[in-house]
There are 2 protein chains.
Amino acid sequence: MNPSKPAVIIQNPTVKEAEAAVKEALVKRKCLIIVGNCWVEYSGRASSKLESGERILMVKEDGSLLVHRSKGYEPVNWQPPGCIFQTKIENDTLVVKAIRRKPHECVKVFFDKIYMVSALSLKDAGEFSLYASEEDMQRAILAEPQLVEEGFKPIAYEKKVKPGFVDVYGVDSNGNFVVVEIKRKTAGREAALQLARYVEAIRETVNRPVRGILVAPGLAKGVQRILETLNLNYKALDPRKCAEILRRSKTRKLAEFFR
Amino acid sequence: MNPSKPAVIIQNPTVKEAEAAVKEALVKRKCLIIVGNCWVEYSGRASSKLESGERILMVKEDGSLLVHRSKGYEPVNWQPPGCIFQTKIENDTLVVKAIRRKPHECVKVFFDKIYMVSALSLKDAGEFSLYASEEDMQRAILAEPQLVEEGFKPIAYEKKVKPGFVDVYGVDSNGNFVVVEIKRKTAGREAALQLARYVEAIRETVNRPVRGILVAPGLAKGVQRILETLNLNYKALDPRKCAEILRRSKTRKLAEFFR
C-alpha cells in the first residue's frame, strides 16, 4: 500500500487478501471502508445480533466503528473512538472485532463476501462553524424559553406594537408581561432604547406590570447603566449556543431512532 | 454501470466522470460513497460551514446523507431520509445538494478532488435483534427507576438477605421500603413465593412498611391471585424495552456530541 495515496482500493478481494489489507490499514491507523456481505454480533451493556446482509463497515483513524445498512442515516452497529481491533479468518470468513474496554463492549463483524476494501489517508484540518441569526436565537428561545430566564413562558413572537415588532413576548414566573429584544451582536444604546419603546407601548395597553429583557451576546460600554436607568434587564446569550440548541432539536430525532 | 454488480467503483475520476456516475447512482437509488476533498454548507434551522478537507460522503437508498471525517463516529453533516438530490458542476467543482422540504434544510457538498465514487446495490434483508438478560433489566431499572413505578428510588442491588439476593432494593414515594424481584420471562408461582420470602426477611430487620414488586414481561395463570393474597405488586416490563434503554444510555453520549 502506498502511504502517500489518499485512497487505496481493492475490488473483490479474497478473504485472505482482504484480511491482509484490513490488518495493514488498522496498524497504520488509516480510515477503512469495507463493503461486503456480513453479520454482526454486539455484546456489552446489552447485546444484539444483526443477520446476514450486504453492508458498509467504516473504521476511522480514532478507532471508532460504524456499520451502515443501505437505508437509515443511523449506523445499525457502532463503537465509539478508542477501540482495539482484532482481525482473523475463521471458516473462510473475515472477522473484524472492535473492543471497547470501559465499559467492556465488543462488536464483531463477520464478512463472507467482500466487494471492496478501501484504506484512506484523509487530510482534513478544515474547521466546522455553526452560525445563528437573530431569527435562530428567537427560535431557540421559543424552543427553550428558560434561556431568557427560569419560568419564562412565551405567548407570541413578532408581536406588532406601535413602534415595530416585539421579538418574543411572554410572561414571567410572577405573572408579569415580558418583552424580549434579541441582538445577535454586542447590543448598543439604540437596542436599549428600542426595547424601552416596546415596553412603553405595551404598558399603555395592559394593566399588569411589563418587564423588558435585552438578550444579546454582550453589551457595549455604558449600555448596562442605560438599562438600569430604564429599569430593563439584560440576559447574556451566545448565538452559537442557540445554533447548537437548534441543531440539538434536530438531533433529538436522531436519538429517537434508538427508542 | 452494471446493475447486477453489488459494487461499481471508479477511482480518481475527473469531476465530469464523477458527476455522471453520481447522477446515475442517485437516479437508480443506489447507495453512494464519494471520497474526496470537499467543503460543506448547511442552511436550515441553523447554518454551518465546514472548510475544505478530505472526507467520505455517503448517500443512502432512502435519500439520507452523511458526511464523515476521518475521526469521530458522528457525521459532521447529515440529512435524514427523504431528501431530494441535485448535482451540478460549478467552477470545476462537483456540487451535491441534498434538500429536505419540511422543515426546509439544505446541505451542499462541493468536491474539487475526487478519489473514489462507489455505487452500491446492497441486498440486505437481515433482521436486527436486541437481547436483554435479567441483569440488563436490573441495570435498566437502576438507570431509570421509574420503570418500576413513579417515585421509586433504588438504594441497593443484589442485597443479601437470609433467603438469597434481592435484585433491587429501594424506597417508594411514600417512604416504604421496596423489594423488586426481576424475571425476564413470564413469572410463575415460584417467583411470587420467592419475592414473599425476601419481603418477609426484610420486614424482620426494619421498622418501616416493606412492599414487594414482581417485575416481569408477564404472569403465568393464577399468579396474579397469589400476588394479591400475599399483598405483593406486579409491574409488567419487557426485557427488550430494557435493552433499548441500555442502548439509549449509550446513545446519549452520541447525542452529547452536538452539545
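Which condition number does B:Trp39 fail, the rest of (1) within 19 Å of A:Leu130 (Cα to Cα); (2) facing chain A (nearest Cβ under 9 Å); (3) surrounded by 21 or more Cβ atoms within 10 Å (Cβ to Cβ); (4) touching a residue at least 24 places away in the same chain (Cβ under 8 Å) being met?
The single condition B:Trp39 does not satisfy is (3).
Is it the case that region A:190-203 has a residue that's closer than 19 Å to A:Met137 by Cβ and polar (S, T, N, Q)?
Yes.
For region B:42-63, what are the residues that are surrounded by fewer than 22 Cβ atoms within 10 Å (Cβ to Cβ) and more than 7 Å from chain A (Cβ to nearest Cβ)?
Answer for region B:42-63, where residues must be surrounded by fewer than 22 Cβ atoms within 10 Å (Cβ to Cβ) and more than 7 Å from chain A (Cβ to nearest Cβ): B:Ser43, B:Gly44, B:Gly63.
Consider A:Leu66 carefully, then state whether it is more than 16 Å from B:Arg69 (Cβ to Cβ), within 7 Å of another protein chain (Cβ to nearest Cβ), surrounded by 20 or more Cβ atoms within 10 Å (Cβ to Cβ) and without any contact (Cβ under 8 Å) to a residue 40 or more places away in the chain.
Numbers: more than 16 Å from B:Arg69 (Cβ to Cβ): no; within 7 Å of another protein chain (Cβ to nearest Cβ): yes; surrounded by 20 or more Cβ atoms within 10 Å (Cβ to Cβ): yes; without any contact (Cβ under 8 Å) to a residue 40 or more places away in the chain: yes.
Taking the combined requirement at face value, the residue does not satisfy it.
Tally time: how many residues in region B:125-152 are of a type in the set (A, V, I, L, M), in a loop (DSSP other than H, G, I, E, B) and surrounded by 14 or more Cβ atoms within 10 Å (Cβ to Cβ)?
Qualifying residue count for the region: 2.
Given the criteria at the interface with chain A (Cβ under 7 Å from one of its Cβ atoms), out of contact with any helix residue (DSSP H, G or I) (no Cβ under 9 Å at 6 or more places or on another chain) and surrounded by 19 or more Cβ atoms within 10 Å (Cβ to Cβ), does B:Leu122 qualify?
Numbers: at the interface with chain A (Cβ under 7 Å from one of its Cβ atoms): yes; out of contact with any helix residue (DSSP H, G or I) (no Cβ under 9 Å at 6 or more places or on another chain): yes; surrounded by 19 or more Cβ atoms within 10 Å (Cβ to Cβ): yes.
Considered against the rule, which asks whether it is at the interface with chain A (Cβ under 7 Å from one of its Cβ atoms), out of contact with any helix residue (DSSP H, G or I) (no Cβ under 9 Å at 6 or more places or on another chain) and surrounded by 19 or more Cβ atoms within 10 Å (Cβ to Cβ), B:Leu122 comes out as yes.
Suppose we filter region A:153-183 for residues that are buried (at least 21 other Cβ atoms within 10 Å of the Cβ) and either among the hydrophobic types (A, V, I, L, M, F, W, C) or assigned to a loop (DSSP other than H, G, I, E, B) (or both); how many remain?
7
Kindly indicate whether A:Gly151 is more than 30 Å from A:Lys183 (Cβ to Cβ) and without any contact (Cβ under 8 Å) to a residue 60 or more places away in the chain.
no
When you go through A:Ala20, A:Ala7, A:Ala25 one by one, which is the residue that is surrounded by 23 or more Cβ atoms within 10 Å (Cβ to Cβ) and among the small types (Gly, Ala, Ser)?
Numbers: A:Ala20 fails: surrounded by 23 or more Cβ atoms within 10 Å (Cβ to Cβ); A:Ala7 fails: surrounded by 23 or more Cβ atoms within 10 Å (Cβ to Cβ).
It is A:Ala25.
Within region B:107-118, identify whether any single residue is closer than 26 Å to B:Arg240 by Cα and within 8 Å of chain A (Cβ to nearest Cβ), and answer yes or no.
no
Quick check on this structure: which one of A:Ile34, A:Ile9 is at the interface with another protein chain (Cβ under 7 Å from one of its Cβ atoms), in contact with a strand residue (DSSP E or B) (Cβ under 9 Å, 6 or more places away or on another chain) and in contact (Cβ under 8 Å) with a residue 60 or more places away in the chain?
Result: A:Ile9 is the single residue among A:Ile34, A:Ile9 that is at the interface with another protein chain (Cβ under 7 Å from one of its Cβ atoms), in contact with a strand residue (DSSP E or B) (Cβ under 9 Å, 6 or more places away or on another chain) and in contact (Cβ under 8 Å) with a residue 60 or more places away in the chain.
None of the figures in this text is laboratory data; all of them are computed from the coordinates on show. What you see is a predicted model; the values in this text were computed from it and never measured. Note that each Cβ is placed from the backbone with ideal geometry, even for glycine, and that neighbours are counted across all protein chains shown.
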